[in-house]
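Sending over a structure as structure tokens; questions will come in a sec.
Where a number appears in this text, it was derived from the coordinates with a stated rule and is not lab data. Since we're looking at a predicted model, the values are computed, not measured. Ideal geometry is used to build each Cβ from the backbone, glycine not excepted, and the neighbour counts take in all protein chains shown.
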Amino acid sequence: MKIANNLTKIRNKISAAEKQFGREENSVCLIAVSKTRKINEIIMAINKNQRHFGENYCQEAIEKIKAITQPNVVWHFIGPIQSNKTKQISHYFDWVHTVDRIKIAHRLDEMRPDNMAPLNICIQVNTSGEVTKSGLSINEVEDFINELKHFKRLKVRGLMSLPEIKPSFDDQRKSFSLLKKVLHELGTDNPELDTLSIGTTQDMEAAIAEGATCVRIGTAIFGPREG
Ligand SMILES: *Cc1c(COP(=O)(O)O)cnc(C)c1O
């Protein structure tokens, strides 16, 4: 019951934030981040009409994807991508949010089966400029998108970021606002870019205020993760 109640609460919060920040109703898609969660927890969410799930670890995810046979579940890969996992990712997922290297994009494209729809791709951007974090810097994004256009089995949909959590709402908005601006500028030449994947449990409202089209929520749905 906990998961069902949490889903209701988070959906209400998303609706309230859409209203508050002048966003269209139902313009924000909720991705339930189910890394480390058990299959039965995911099924509880599916029974409560949750359809989009985010996973970070390939092996763990594929076991779940194989076991969960409910129709119309959409799987998003949101973790770091190792090149020896690209084949499995390209076979089992509908979306990949964390593409930041051409080599990885190339492998995903090559390995995506022809009989499946193109793989939806978001480019991970590091808006805070930390060298150690994954993601492209803002000034690299445009060239990267142009290179991705050669890949026929990939469909570039937008940008993703995972900034470190700032305590204040205004500071949370800043890095999201930067990403929104980048997406907007790219949109002139790339009208197919319709996705801004930002916001987690701790900064969801700021992300919605800045134009999130997907929020990736784990803790607020499934409770705190162990370890
Ligand atoms: C784990 C994770 C989330 C969810 O974080 P919560 O704080 O549990 O909501 C979102 N995005 C990415 C990329 C993650 O790895």
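Per-residue ellipticity at 222 nm for the chain, helices alone: DSSP H runs ≥ 4 residues times -39500 (n - 2.57), over residue total, nearest 500 deg cm²/dmol? It would help to have the intermediate numbers written out before the result.
Details: 9 runs with 92 residues, N = 227.
Result for the chain: -12000 deg cm²/dmol, rounded to the nearest 500.
Between K181 and D194, how many nm apart are label points set 7 Å from Cα along the C-beta direction?
Going from the K181 label point to the D194 one covers 2.7 nm.
Something else now. What FRET efficiency comes out for the pair E164/N40, r = Cβ-Cβ distance, R0 = 35 Å, nearest 0.05? Each step should come with its number before you reach the end.
Numbers: r = 32 Å, r/R0 = 0.92.
FRET efficiency, E164 to N40: 0.60.
Apply 1/(1 + (r/R0)^6) to the Cβ-Cβ distance of Q202 and D114, taking R0 = 30 Å, and write down the FRET efficiency to the nearest 0.05.
On the way: r = 40 Å, r/R0 = 1.34.
After rounding, the FRET efficiency stands at 0.15.
Taking trypsin sites (Lys or Arg not before Pro) as candidate sites, keep only those in a DSSP loop with at most 12 other Cβ atoms within 10 Å, then name the longest stretch of the chain containing none of them. Mind showing how you got there, number by number?
Working: sites that count: K38, K149, K152, R225.
Here the longest segment lacking exposed loop sites spans 39-148.
So which residue, out of T69, T201, T36, gets the largest mean-square fluctuation from a GNM of the chain using Cα contacts under 10 Å as springs?
T69
Under 5 Å between amide hydrogens, which residues at least 5 positions from V33 or on another chain qualify, with H placed 1.01 Å from N in the peptide plane?
Hits under the 5 Å cutoff: G54, I217, G218.
Sticking with the crude label model, points 7 Å out along Cα→Cβ, report the distance from S137 to N72 in nm, one decimal please.
That separation, rounded to one decimal, is 4.5 nm.
Same structure again: Among I138, I102, I121, rank each residue by its count of other Cβ atoms within 10 Å, from fewest to most, as a rough exposure measure.
On the way: I138 17, I102 14, I121 23.
If I rank by nearby Cβ atoms, fewest first, I get I102, I138, I121.
Considering only DSSP beta bridges where both residues belong to region 83-227, give the percentage that are antiparallel (nearest 5). Don't skip to the answer; put the middle values down first.
Working: 0 of 14 bridges.
Taking every DSSP beta bridge with both residues in region 83-227, the antiparallel ones total about 0 percent.
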